[in-house]
Amino acid sequence: MTAGRFYSVIVSSVAALAVGCGERPASRPALADAGGKVPDGPPAAASAKPGGSSMTKSRFTVDHVRVTSDKPFDDVVAAFMRQLGKYDEGVRKELAAGGDSKVVRTKFAALVGPSGFMLFGTQDHGLLLQLVGQKRKAIQYVIGNPLFAIEMTRHAIGASLYAPLRVLIYEADDGKTCIEYDKPASLFGQFGDEQVGRMAATLDQKLEDLAATATR
């Protein structure tokens, strides 16, 4: 650890509610996490809607990670960005136009950065807070990899809800820099699919490595 820099990781769990259409049967093990563990809570409930539609609700646990560092905000952001590639909408358009899938896969693979992720977009929440008279440094990053995503959505299309991933980097009131995100394994674990769980566990490690590199 470099002198003058503090690095800590806090993982907390919160309950979340998933609402889906009738495609997910109430008997499906939607509450299982990536390790196959089922948290406390009522089973998924289904309700009929007029017109033949239905809705299911289930609860699952999300592991939330906060990494805190003495490294300045701008330095963390710069190091974080160096680990990311940049998404190119032109590649998706090529696929939509009937382009060769092998060629498109190769092009997507070339877009990723050292972390295995690419940047899809950002939202400067610190800037938005100026509308209420606050001055903060806080940026949300939407990151992911289409080739990782399809290894989950091919088995559980509901996984599309959480791909790409979101990471928040902000300067705390004490001047420290924080990186926060929800662990993919806990988000994708609700689908109860072993293959989705394996990919999600890989994403957990990649996000952990990315946050560690950015705050080192």
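Quick notes on this one:
- Environment charge of Gln123, counting only residues whose C-beta is closer than 15 Å and scoring Lys/Arg +1, Asp/Glu -1: +1
- Cross-linked pairs Lys93/Lys206; Lys86/Lys183; Lys107/Lys183; Lys107/Lys137: Cα-Cα separations exceed 29 Å for Lys107/Lys137.
- A protection proxy built from the mean count of other Cβ atoms within 10 Å ranks the segments 158-167, 177-186, most packed first, as 177-186, 158-167.
- Placing R0 at 35 angstrom, the Cβ-Cβ distance between Ser101 and Arg166 gives a FRET efficiency of 0.80 after rounding to 0.05.
- Relative intensity of region 98-197 on a log10 scale, I(q)/I(0) at q = 0.18 Å⁻¹, equals -0.94, per a Debye sum over C-alpha point scatterers of equal strength in the absence of solvent.
- D (Stokes-Einstein, µm²/s), Kirkwood Cα radius, region 46-166, 0.692 mPa s at 37 °C: 186 µm²/s
- Sites Val11 and Lys93 - FRET efficiency at Förster radius 41 Å, r taken between beta-carbons, to 0.05: 0.60
- Once the chain from Lys86 to Ser53 is taken as fully extended at 0.36 nm per residue, the excess over their C-alpha distance is 7.9 nm.
- Cα gyration tensor shape for region 58-117, rounded if a/c is under 1.5, else prolate or oblate: oblate
Throughout, read-outs are computed from the coordinates displayed, never taken from laboratory work. This is a predicted model, so every value here is computed, not measured. Positions of Cβ are generated from backbone atoms using ideal geometry, with glycine treated the same way; all protein chains shown enter the neighbour counts.
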